[in-house]
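Undergrad: The structure's right below; bear with me while I get my questions together.
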Amino acid sequence: MTVYAIIGGTGLTQLEGLTIRQSLPMSTPYGEPSGEVQLGEFAGREVMFLARHGHPHRLPPHKINYRANLWALKQAGAQAILAVNAVGGIHPDMGTGHFCVPHDLVDYTSGREHTFFAEDLEQVIHIDFSRPYSQVLRQRLIDALHAEGSTFSDFGVYGCTQGPRLETAAEIVRLERDGCDVVGMTGMPEAALARELGLNYACLALVVNPAAGKSPSVITMPEIDQALQNGMGTVKSVLARVLSAA
Ligand code: HPA
């Protein structure tokens, strides 16, 4: 049976309903992960959980040690990763509260440790990344969202920006021109590192605000927090459905 790990993003620093059997403080050759890897039972199944930003939420997107996080999950035995990410909506159908299961991404980040193949190796390794997300896992998320009756898109290009500031309206116009449907700050290098380690990976993105310039008002943290609160119940139900069906 596939061993699943959930990486919880903003609004999901704790997986309610997870009966924790063990909390593993892990150290890796790349430093410390964001927190302990929790092993336990969720939806009747063994699963791992890691809070991407730590618990409580303390690490901004550009300070997350993505390499340590992925390495720790792999070391703990994970084979498949369900990543939860809060995003801004760019596509006109992707308003606040909408879910998106991205099929592709564009990476706009800079200066992050983004590969396990950074050192001098005998052979340079170039992973194939034409399709960054696992189609099998994506389909499981799509089926679960469907069963849940959520409003969602079974496609989407995730534009990953550096943050921690939000984008300018012109940057969002550029992302849109590039084909991005949603924008977030934590999708990369996480997805690429998962691929380097041979872990299947898919993203469940919850739109928590219209991206910059997509609404007449400014983006506020209370607005984002409210959308997270409203959406997290569905996130947990969707994850539970995926795990009990897989
Ligand atoms: N931009 C980037 N990241 C985000 C946003 C956004 O508008 N909303 C949530 N994460």
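Undergrad: By the scheme Lys and Arg +1, Asp and Glu -1, what is the net charge of all other residues having a beta-carbon under 13 Å from that of SER153?
TA: Details: positive: ARG138; negative: ASP93, ASP104, ASP154, ASP181.
Summing Lys/Arg as +1 and Asp/Glu as -1 gives -3.
Undergrad: Stretch LEU59-SER23 to full length: gain in nm at 0.36 nm per residue minus the Cα-Cα span? Kindly include the intermediate steps, with their values, before the conclusion.
TA: Numbers: separation 36, 0.36 × 36 = 12.96 nm, distance 1.95 nm.
Stretched fully, the LEU59-SER23 segment lengthens by 11.0 nm.
Undergrad: Separate question: Given axes a ≥ b ≥ c from the Cα gyration tensor, I'd like to know whether the stretch 153-246 is rounded (a/c under 1.5), prolate (a/b larger than b/c) or oblate. Don't skip to the answer; put the middle values down first.
TA: Numbers: a/c = 2.16, a/b = 1.31, b/c = 1.65.
The shape class here is oblate.
Undergrad: Give me a comma-separated list of calculated 3J(HN,Hα) values for the stretch 137-144, in order, Karplus coefficients 6.51, -1.76, 1.60 applied at θ = phi - 60°, integers in Hz, x for any Gly or Pro.
TA: Going residue by residue, I get 5, 4, 5, 5, 5, 4, 4, 5 Hz, with x marking Gly and Pro.
Undergrad: Is the stretch 63-192 best put as rounded, prolate or oblate by its Cα gyration tensor, with a ≥ b ≥ c the root eigenvalues, rounded for a/c under 1.5, and otherwise prolate when a/b is larger than b/c, oblate when not? Mind showing how you got there, number by number?
TA: Working: a/c = 1.98, a/b = 1.28, b/c = 1.54.
Taking the square roots of the gyration eigenvalues as a ≥ b ≥ c, the stretch 63-192 is oblate.
Undergrad: Which of rounded, prolate or oblate describes the stretch 8-130 when judged by the alpha-carbon gyration tensor and an a/c cut-off of 1.5? Don't skip to the answer; put the middle values down first.
TA: Working: a/c = 1.66, a/b = 1.04, b/c = 1.59.
It is oblate, given that a/c is not under 1.5 and a/b is not larger than b/c.
Undergrad: Say each of GLN139 and GLN14 gets a label point 7 Å from the Cα, pointing the same way as Cα to Cβ; how far apart are those two points in nm?
TA: 3.7 nm
Undergrad: Round to a whole angstrom and tell me the spacing of the C-alpha centers of the stretch 62-102 and the stretch 166-207.
TA: The stretch 62-102 and the stretch 166-207 have Cα centres separated by 9 Å.
Undergrad: Between SER215 and ILE125, what length in nm is gained on full extension when 0.36 nm per residue of separation is reduced by their alpha carbon distance?
TA: Details: separation 90, 0.36 × 90 = 32.40 nm, distance 4.30 nm.
That works out to 28.1 nm of additional length.
Undergrad: In terms of Cα to Cα distance under 15 Å, which aspartates and glutamates are near enough to LYS63, apart from those fewer than 8 places away along the same chain?
TA: Cross-link targets: GLU32, GLU113, GLU190.
Undergrad: Turning to a different aspect of this structure: Within straight cross-link reach of LYS214, meaning Cα distance under 17 Å, which aspartates and glutamates are found once same-chain residues fewer than 8 apart are removed?
TA: Partners within reach: ASP93, GLU167, GLU171, GLU176, ASP178, ASP181, GLU223.
Undergrad: Taking amide hydrogens as modeled 1.01 Å from N in the peptide plane, which residues meet the under 5 Å criterion relative to LEU24, leaving out close sequence neighbours?
TA: VAL37, GLN38, LEU39
Undergrad: Count the DSSP beta bridges whose two residues both fall in the chain, then state the antiparallel fraction as a percent rounded to the nearest 5. Write down the numbers at each step before the final one.
TA: Values: 15 of 43 bridges.
Here the share of antiparallel DSSP bridges comes out near 35 percent.
Undergrad: What share of Cα pairs, in percent, lie more than 25 angstrom apart in the chain? If you can, show how the numbers build up before the last one.
TA: Working: 11253 of 30135 pairs.
Here the long-distance tail beyond 25 Å is 37 percent of all Cα pairs in the chain.
FYI, it's all coordinate maths here, none of it is from the lab. Remember, predicted model here, so these are calculated numbers, not experimental data. A quick note on method: Cβ atoms are made from the backbone with ideal geometry, for glycine too, and the neighbour counts reach across all protein chains shown.
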